[in-house]
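A.B. asks: Pasting a structure below so you can have a look.
A short reminder: the numbers here are calculations on the coordinates, not readings from a lab. Predicted model only: the values in this text are computed from it and were never measured. With ideal geometry, Cβ positions are generated from the backbone for all residues, glycine too; neighbour counts draw on all protein chains shown.
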Amino acid sequence: MAKPEPGGLKALSALVATEPAVRTRLRLAALLGVLAGCAAVAGFVCAAYATGSLFTDDPSFPVMQTTGALAALLISFGARWLAEHVAHEASYDLEVALRRHLADALARMPLGEVQRLSSGRIKKIVQDDVKALHAAVADALPFVGSGITQPIAALLALGVVQWRLLLAVLVVVPVAMVCLALLTRDHAAQRARYNAANERVNAAVVEFVQGMPVVRTFDDGRASVGRFTSSVREFTAAVAAWIATSRASGVVNQLFVVPLPTLLVLVAASVPMRAAGWISTTDLLLALMIGAMPVEAVSPLMHLANLLNDAKAGAVRITELLHTPPLPEPEHPREPADSSVTLTDVTFRYPGERTEPALDGIDLHIPAGAVCALVGPSGSGKSTVARLIPRFFDVTAGSVRIGGVDVRDIRGDVLLRHVALVFQEPFLVAGTVEENVRLARPDATDAEVRAAAKAAAAHDFIVDELPDGYRTEVGERGSRLSGGQRQRITIARAILSDAPVVVLDEATAFADPESEAAIQEAVAGLTRGRTVLVIAHRLGTITDADHIAVLDAGRIVEQGRHAELLAANGRYARLWARHDRAADWGLARAGTTEGRAATTETEAAR
Amino acid sequence: MKRILRLMLAAAGPYAPQFRRTLRISVAAGLAQAAAYACFVPLLAELTHDPVDTGRAWLWTGLLATLVAAEGALRVRELGFTYGYWHLVTEATRLRLGERLRAIPHQELARRAAGDLTSVVGANATAAATAVSTLSTLFVQLVTVPVVLGLVITLLDWRLGLVLAAAVGAALPLVRRVQRASNAGFHAVDEADAAAANRIVEYVQGQPVLRATGQAGADSPRLTGVLTDQQHTQSAANRSAAVPLAAAQLLVRLALVALVAVGAALVLDARLSAGLLVAVVVTAARFAEPLSMAAVMTKLFEMSEAALARVDEVLQLPALPVEPGGTDPKGFELRIEQVTFGYDGQQRPTLREFDLTVPERSLTALVGPSGSGKTTVTRLISRYADPQQGTVRLGGVDLRTMDPDDLLRHLAVVFQDVYLFDDTIRANIAMARPDATDAEIEAAARAANVHDFVERLPQRYGTRVGEIGSALSGGERQRISIARAILKDAPVVLLDEPTAALDSESEVVVQQAVERLVAGRTVVVIAHRLSTVVGADQIVVVDGGRVVQRGTHGELLADADGRYARMWAAQQAARRWQLPASDPV
């Protein structure tokens, strides 16, 4: 129930301003709302006069007044309906336009930035935050017309018809204003505590449900149910604290921001006024009909404030995403001469981080067609090197070149056609197997698609195991396929794209132990004849690589061929010894001490 | 009506008596309000009379004031419930849901999407509390006041009553149409939203390939269709509900004009006093707004009914039954006897006449292709669900007769997907035994190779996992989960190959941790890499829900054509695989 933050409102109106056509229609909706409010009051005035005319000495049927009431009513109604229609449609148009702008911004920002934002968060902004604007945009404007105009018009009309009764109503108006002020007063501290508690309780609920297997086996009701219980109780306490401060205004609201007290005041004022002959029956009737309008407008106005509140945080997030700086495109784009990859004195610091650079003075040359492996502990910078080649981010200093051309001088789409990536979760779209393979080259023939699938060891399972072969629907994000099957389809896609450079993360490539052999075959198909950079985890797979670079803390500490590095007896040799032991590990028979012996030995080796 | 009242009473739970009392207060407040409006009839008769009898006018004004005050007093008491119990009802509902989720069969839990349950315990629980504490009283008010006043008007003049009744009668079917249309609209919009959301996630994840092929940007073919579809659906849903809603609102307003016209005609015919007409017009004018609000409110009621129903459904789920005749297990031998088990809604059973004995303090490995039933075996041991045929025994005792808490006390499970809670490392380990001392926690952490890296963290054991979530490697997370299992010190250990998805960097230390966890216990391990279980006391090859081979590694290899020998050969070949080097130039 806080007042909307000015920053949020500004962001909201700036978003609306990006679409002039929408803004014009919204203004029209507001005007129609004003018309609706005025006409509604006029209708009541006519109705009051119609009834009042019956008290004259020689009454006749009030044809004029009833017709007037009917006309005003129809105008008011039509205007309101039109206002809502215009505002809703304009708002829907705004939403689609914003989503398309966001899609455009996403397509231009550095891929690394997209990855960092995560698909979940981006989905929330593009879908939920944009949707949340609707209530504020579509409901607010016609309402500004009717909700604010109507009570003001009512007061004006009453003043014109009978100023004495206006005074009586004005006694109540300050009460309503005070209530509105009380109700919309921001109890910032309580609100913050409530929000924090609400976030915690929601997180605890997610944890409790998702972690249920662990909850069930590892807690006897004291620890983790305790976690859940305590966050639930904390939420209760936060609500209680908030209520303690807002309860009084709630009660005041319930008691005074309703029509009856106003009507009572009006009646009480009318008794002496009527006795003194100051006011007519019509005056009284009109006052009773429209006098409570200002008070009745209070709760809808509160509601409106809440709608704006909900929208404004989203508006800020949408604006931020729209304003993410795009990755600069070259003015004079060049094409790579071949498929060699060269990193020259590359230093890289992730945007917004002030700590040690992730990469520091990396020099690496991979000749066209060569296989280069990166090894080193997690966090040493292997993945960062891999990400800089397809320009997920731009280097802080130094350069990355493909075929002798700086990646910053290659057009974004050309660069991505040159580099095939197998280092994210396998990415599939809802559609058929065929569509998924063809995604990399929409004009590929059926024969080419099948050839790529064969090379990726995917053809057999597609034909033999899937119900409709290449026409099988894979489900949302490939949910109907196993991890290994998804992986091979993405590899088939990479093969079809025929990118001369392949960047591969072994850990994600082989995440599914069940289909390891098939994926190995697929990877072999992909890397054949191409320049390959592989992030290696199992050293056994890369002993034949043309080049092995050992990374540690963002620097290359050793490089060479397997045999050379072993001979050097340095970091790589130690990693190799450790790898060997791990590969031969097996669970010892229960109760024996064989395992322990091996353990101590390893510890000594460290 | 009855259904929603029953659901509300169920949701009010321990506060049902207060809820009932509040409903009665609401009815009383509604009656007081209606009576106050009814007061306008005699009051306006006096005030429109020339000359005004001030004495009698003041008398009625006094009565009006009393009724307004009475309603106010009742509303304050009603608010006492809204303000005093909303959070308590929310708390009670959430705690009851939490208890229920722990007690129902795990299979029941797994059948529901985690997201669904999360929203039941999260948003639905608060919506149910709002329905109980706020909407119920609002509803009472919206119904009582117009009904009573309609009656009063009819009593005063049946013809005016008829005008109102005709308007309401015509508006009601429209309101019902609003309900139906907005329901249908909701579903259509939900579907369109879900489709768009999926497509947006796709668009984000697919950026590299979409950019490479010119399919990214404002006109991306992957997005355009679904976005315009979403717009059309929203717009159509909005229109389909807006038209009958507008018609209903128009009817109510037209009724007011009709009332004035008919009333005027009656007054001119001297069949109705002008004062009475004024009173009727004033009271009827008070309904135009609330009645059109009622149409809008139906949407809210609809939504709360859905929330109430979802909460109730989970609360009504039956708990895992415990059959009588349970004793304490003698020893910890695991025995699966002739078990047939199929998941709900599956035609073919996952396990068929499955037999397995795991002697106390021995290690059994389950191997076989994915989908063969390995995981199901470990699930039945932890009583994820009960088998349709056969029995699972621990120390000779049928699991169905054991209290689930007792059973789980004997088990430590290490899952392939590590789940750590957003809390300190200490709390994550200690959840297995909340009364463990710091020394015991540290000992478990040392045994699991956790201690060394924890000592390097800024706040050591007090470091929150959530804050450094991405800084913990898969191996480190796995070791924390193993420390948890070690601290639990349970006699039976179930492992779903904990080193399967790790890189060689962390493998050695995780391997050591696993060794210390299993030492001297009864162990069942699911193994993907056969090399990790060559030392097992018993290797069981599972395929198609049956045991196809069993024995030690040596015994199984002796059958060169056997399933195990073939799997072993294939895996050895895969292990020797190397990334092809560049073609020799």
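A.B. asks: Along the charge dipole of chain A, which of A:L481, A:P174, A:I402 sits closest to the positive end, that is, farthest toward it, with unit charges on the beta carbon of Lys, Arg, Asp and Glu (+1, +1, -1, -1)?
C.D. replies: A:P174
A.B. asks: Over 20 Å intervals from 0, what percent of Cα-Cα pairs in chain B sits in each interval?
C.D. replies: For chain B, the binned pair fractions read 15, 33, 28, 16, 7, 1 percent.
A.B. asks: From the C-alpha coordinates alone, can you work out the Kirkwood hydrodynamic radius of region A:324-375, in Å?
C.D. replies: On the way: mean 1/r = 0.0714 Å⁻¹.
Hydrodynamic radius (Kirkwood, Cα pairs) of region A:324-375 is 14.0 Å.
A.B. asks: On average, how many beta carbons from a partner chain sit within 10 Å of the beta carbon of a residue in B:193-203? Display every interim value, and only then the final one.
C.D. replies: On the way: counts 3, 2, 2, 5, 6, 6, 6, 11, 9, 9, 10.
Mean partner-chain Cβ count within 10 Å for B:193-203: 6.
A.B. asks: Order by neighbour count: B:K2, B:K330, A:K312, fewest other Cβ atoms within 10 Å first, most last.
C.D. replies: On the way: B:K2 6, B:K330 11, A:K312 22.
Going from least to most buried by this count: B:K2, B:K330, A:K312.
A.B. asks: For the protein assembly as shown, with only Lys/Arg (+1) and Asp/Glu (-1) charged at the beta-carbon, what is the dipole magnitude about the Cα centre, in debye rounded to 20? Don't jump to the answer; show the numbers that get you there.
C.D. replies: On the way: 117 positive and 124 negative charges, 471 e Å.
In debye, rounded to 20, the protein assembly as shown gives about 2260.
A.B. asks: Continuing with this model, one more query. Report the Cα centroid-to-centroid distance between region B:298-333 and region A:148-175 in angstrom, as an integer.
C.D. replies: Using only Cα atoms, the two centres lie 58 Å from each other.
A.B. asks: Follow-up question, since we're still on this one. Please give the Cα centre distance for region B:268-286 versus region B:359-410, rounded to the nearest Å.
C.D. replies: A separation of 80 Å, based on Cα centres.
A.B. asks: Moving on. In square nanometres, what is one fourth of the surface area of the convex hull spanned by the alpha carbons of region A:362-434?
C.D. replies: Numbers: hull surface 27.2 nm².
Taking the Cα atoms of region A:362-434, their convex hull projects to 6.8 nm² on average.
A.B. asks: Give the dimensionless ratio obtained when the Cα radius of gyration of region B:158-271 is divided by 2.2 N^0.38 Å.
C.D. replies: Details: Rg = 24.8 Å, N = 114, 2.2 N^0.38 = 13.3 Å.
Working it through for region B:158-271, the quotient is 1.87.
A.B. asks: Hey, got the Cα dimensions of the protein assembly as shown along the principal axes, in Å, largest first?
C.D. replies: Projected onto the principal axes, the Cα atoms of the protein assembly as shown cover 120, 83, 54 Å.
A.B. asks: So what is the relative contact order for chain A, in percent, with contacts set as C-alpha pairs under 8 Å and at least six apart?
C.D. replies: Details: 896 pairs, mean separation 88.0, N = 606.
Across chain A, relative contact order equals 15 percent.
A.B. asks: I'd like to know which of A:S231, B:L117, B:L363 lies farthest towards the positive end of the charge dipole of the protein assembly as shown, counting +1 on Cβ of Lys and Arg and -1 on Cβ of Asp and Glu.
C.D. replies: Result: A:S231, furthest along the dipole toward the positive end.
A.B. asks: May I pose another question? Which semi-axes, in whole Å and largest first, does the equivalent ellipsoid of chain A have when worked out from the alpha carbon gyration tensor as the square roots of 5 times its eigenvalues? Walk me through the intermediate numbers first.
C.D. replies: Values: eigenvalues 991, 180, 102 Å².
Each semi-axis is √(5λ); the values are 70, 30, 23 Å.
A.B. asks: Moving to a separate point now. How big is region A:341-568 by the Kirkwood estimate over distinct Cα pairs, in Å?
C.D. replies: On the way: mean 1/r = 0.0547 Å⁻¹.
Answer for region A:341-568: a Kirkwood hydrodynamic radius of 18.3 Å.
A.B. asks: Taking the Cα centre of region B:158-271 as the origin and placing charges on Cβ (Lys, Arg +1; Asp, Glu -1), which of B:Q207, B:A247, B:T233 is farthest toward the positive end of the dipole?
C.D. replies: Ranked along the dipole, the leading option is B:A247.
A.B. asks: Going by how many other Cβ atoms sit within 10 Å of their own, how do B:V514, A:V239 line up, fewest first? Could you put the intermediate results ahead of the total?
C.D. replies: On the way: B:V514 29, A:V239 22.
The order, fewest Cβ neighbours first, is A:V239, B:V514.
A.B. asks: Ok, one more. With 10 angstrom as the radius, rank B:V311, A:V316 by how many other C-beta atoms surround their C-beta, starting from the fewest. Could you put the intermediate results ahead of the total?
C.D. replies: Working: B:V311 25, A:V316 18.
Starting with the residue having the fewest Cβ neighbours, the order is A:V316, B:V311.
A.B. asks: If you bin the C-alpha pair distances of region A:341-470 every 10 Å from 0, what whole percents do you get?
C.D. replies: Answer for region A:341-470: a P(r) of 10, 33, 27, 21, 9, 1 percent.
A.B. asks: So if I take the centroid of the Cα atoms in region B:123-160 and the same for region B:11-63, what is the distance between those two points in Å?
C.D. replies: 14
A.B. asks: On a 29 Å Cα-Cα criterion, which of the cross-link pairs A:K10/A:K131; A:K131/B:K299; B:K2/B:K299; A:K10/A:K124; B:K330/B:K488; A:K312/A:K382 come out too long? Could you put the intermediate results ahead of the total?
C.D. replies: Details: A:K10/A:K131 18 Å; A:K131/B:K299 18 Å; B:K2/B:K299 18 Å; A:K10/A:K124 21 Å; B:K330/B:K488 20 Å; A:K312/A:K382 40 Å.
Checking Cα-Cα distances, A:K312/A:K382 exceed 29 Å.
A.B. asks: While we're on this one: Which value, in debye to the nearest 20, describes the size of the charge dipole of region A:341-568 about its Cα centre when Lys and Arg Cβ atoms bear +1, Asp and Glu Cβ atoms bear -1, and nothing else is charged? Write out the running numbers ahead of the final one.
C.D. replies: Details: 24 positive and 33 negative charges, 84 e Å.
That gives a dipole near 400 debye.
A.B. asks: Sticking with this one: Magnitude of the Cβ-charge dipole of chain A, K/R +1 and D/E -1, about the Cα centre, nearest 20 debye?
C.D. replies: Details: 59 positive and 65 negative charges, 323 e Å.
Charge dipole, chain A, about its Cα centre: 1540 debye, nearest 20.
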